[in-house]
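Report on the following structure.
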Amino acid sequence: MSRYNGVAMVQRPVSVDDSRLQAVRRRLEEREQRLSPFAAKSAESRRERPEEPSLVRTEFQRDRDRIVHCKAFRRLKHKTQVFIAPAGDHFVTRLTHTLETAQIARTIARALNLNEDLTEAAGLGHDLGHTPFGHAGERALAELLPEGFRHNEQSLRVVEKLEKDGQGLNLTGEVREAILKHSKAREDVLAEAWGTASTLEGQIVKLADSVAYLNHDIADAIRAGLLREEDLPREAREVLGTEHAQRINTLVVDIVEASWAATGEGVPPDGKPPRIGMSETVAAATNELRDFMFAHVYEWEGQQADAARAVRIIQFLFEYYIAHPEAITSDVTREDDPLARRVADYIAGMTDLFALHTAESLGFTS
């Protein structure tokens, strides 16, 4: 091992021709110069802790790889998206949602001639901080932790402070910002809650997240027998389509068309920097569909019963570890943090089954 600016580096084989391999990264960075003038460029990106550049990857590509290989990413496969402990292999998990978000974000970025690697990295990392039991678990921790809890803030905390035994992943500023600002307000798919990402790629991830979850949640609700396709609002179906693939295609195409100024092909009429958005018609239909899903799926009585049990499990675990901090054995907490923060980090890192089995082993009963 060697060190560069205090960061441990793996020694490369002596036979590696650095001068030749460095040309790989330069070629990739030169390709980025042919993107839209509004695209983020990896060569201009910075990390909190300087590192020796990769020989064969751009900075955003390195971020993508770090996220995919981190422990929090692996745990997403056993975390709830909407339906808690569904009886079927085809229901969406937090991991499959993450992959769909990254794929949709890349498609939009490619169409707008923006930086696909940045959208992919942020898309893959946006939900790393999600709790077990989906938003029910998030609400429970928000009530228990004195400073509150939000999954987007926790996702940022995971990559900055918790991964790699407290070192964090040292991601670029653009990816970290997109992770934080992907979350949305309840009332509108275009509403702001944590501000607008400074990169267009970050703005894409925010909408790609909505496109992904809204459509796969509909598919899961139909799969569960909770809805039929014809139950969806008529006007929304007329605008967006009557099938899963049609809706996604309509939304993606509309975002590309409404955001065309991002390509740099023509100056925005008002002279302002371009933003990623939707047409009024499609945004209204999307909001109508979201409202319907909240009323008939997310806040459905049967779903609420499962959510209530999940909340009780989170509350039980929180109270137990507050009383028994010595039982926290995870490497996803920081010893110098306040106890409540450590407990929240520990619980947020759990998968659904681990949280359930742990609670039951400690005496939890429904």
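The values are calculated or read from the model by the stated rules, or taken from the named source; none is laboratory data. Remember, predicted model here, so these are calculated numbers, not experimental data. Cβ: placed from backbone, ideal geometry, glycine included. Neighbour counts: every protein chain shown.
Out of 313, 322, one residue alone is surrounded by 17 or more Cβ atoms within 10 Å (Cβ to Cβ) and either outside any loop (DSSP other than H, G, I, E, B) or acidic (Asp, Glu) (or both). It is 313.
Residue 99 falls short on exactly one of the conditions (1) within 28 Å of residue 308 (Cβ to Cβ); (2) under 15 Å from the mean Cα position of the chain (by Cα), and that condition is (1). Only a single item in (1) in a loop (DSSP other than H, G, I, E, B); (2) in contact with an Asp or Glu (Cβ under 6 Å, 6 or more places away or on another chain) is not met by residue 363, and it is number (2).
Could you check, for the stretch 287-305, whether at least one of its residues is of a type in the set (Lys, Arg), in a helix (DSSP H, G or I) and in contact (Cβ under 8 Å) with a residue 60 or more places away in the chain?
yes
Checked against the criteria, residue 169 does not count as in contact with an Asp or Glu (Cβ under 7 Å, 6 or more places away or on another chain), part of a helix (DSSP H, G or I) and either among the charged types (D, E, K, R) or touching a residue at least 40 places away in the same chain (Cβ under 8 Å) (or both). Scanning the stretch 332-354 for residues that are outside any helix (DSSP H, G or I) and of a type in the set (Gly, Ala, Ser) turns up just one, 349. In the stretch 205-224, the residues that are at pLDDT 95 or above form Cβ pairs under 8 Å with partners that are hydroxyl-bearing (Ser, Thr, Tyr) and in a loop (DSSP other than H, G, I, E, B), at six or more places apart or across chains, as follows: 206/183.
The combined condition, being modelled with pLDDT of 95 or more and among the polar types (S, T, N, Q), is fulfilled by residue 315. When we screen 231, 291 for residues that are over 30 Å from residue 343 (Cα atoms), more than 25 Å from the chain's Cα centre (by Cα) and surrounded by fewer than 17 Cβ atoms within 10 Å (Cβ to Cβ), the only hit is 231.
Look at residue 118 and say whether it is among the aliphatic types (A, V, I, L, M), more than 30 Å from residue 317 (Cβ to Cβ), modelled with pLDDT of 95 or more and not in a helix (DSSP H, G or I). Considered against the rule, which asks whether it is among the aliphatic types (A, V, I, L, M), more than 30 Å from residue 317 (Cβ to Cβ), modelled with pLDDT of 95 or more and not in a helix (DSSP H, G or I), residue 118 comes out as no. Of the numbered criteria (1) modelled with pLDDT of 90 or more; (2) farther than 15 Å from residue 171 by Cα; (3) under 21 Å from the mean Cα position of the chain (by Cα), the one residue 113 fails is (3).
Could you tell me whether any residue of the stretch 177-191 is assigned to a helix (DSSP H, G or I), touching a residue at least 40 places away in the same chain (Cβ under 8 Å) and of a type outside the set (S, T, N, Q)? Yes, there is a match, as at least one residue in the stretch 177-191 is assigned to a helix (DSSP H, G or I), touching a residue at least 40 places away in the same chain (Cβ under 8 Å) and of a type outside the set (S, T, N, Q).
This table checks each residue for (1) out of contact with any Asp or Glu (no Cβ under 8 Å at 6 or more places or on another chain); (2) among the polar types (S, T, N, Q); (3) within 22 Å of residue 135 (Cβ to Cβ).
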site: 176; (1), (2), (3): no, no, no
site: 192; (1), (2), (3): yes, no, yes
site: 215; (1), (2), (3): yes, yes, yes
site: 224; (1), (2), (3): yes, no, yes
site: 264; (1), (2), (3): yes, no, no
site: 274; (1), (2), (3): yes, no, no
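Taking the stretch 192-210 as the range and being in a helix (DSSP H, G or I) and surrounded by fewer than 24 Cβ atoms within 10 Å (Cβ to Cβ) as the test, only 210 passes. Within the stretch 29-49, residues that are under 16 Å from residue 263 (Cβ atoms) and touching a residue at least 24 places away in the same chain (Cβ under 8 Å) have Cβ atoms under 8 Å from residues that are small (Gly, Ala, Ser) and part of a loop (DSSP other than H, G, I, E, B) in these pairs: 32/39; 36/264; 37/264; 38/264, counting only partners at least 6 apart in sequence or on another chain. Name the residues in the stretch 169-184 that are of a type in the set (D, E, K, R) and more than 20 Å from residue 41 (Cβ to Cβ), would you? Passing the criteria: only 184.
In the stretch 44-68, the qualifying residues are those that are among the hydrophobic types (A, V, I, L, M, F, W, C) and at pLDDT below 95, and the one that is surrounded by the most Cβ atoms within 10 Å (Cβ to Cβ) is 55. Could you please let me know if residue 27 is modelled with pLDDT under 95, at negative phi, of a type in the set (Lys, Arg) and out of contact with any strand residue (DSSP E or B) (no Cβ under 7 Å at 6 or more places or on another chain)? Against the criterion (modelled with pLDDT under 95, at negative phi, of a type in the set (Lys, Arg) and out of contact with any strand residue (DSSP E or B) (no Cβ under 7 Å at 6 or more places or on another chain)), residue 27 qualifies.
Taking the conditions exactly as written (more than 19 Å from residue 188 (Cβ to Cβ), in a loop (DSSP other than H, G, I, E, B) and without any contact (Cβ under 8 Å) to a residue 60 or more places away in the chain), does residue 329 satisfy them or not? So residue 329 passes the test.
Out of curiosity, is residue 129 in contact with a Ser or Thr (Cβ under 6 Å, 6 or more places away or on another chain), at pLDDT 95 or above and part of a helix (DSSP H, G or I)? When the stated conditions are applied, residue 129 does not pass them.
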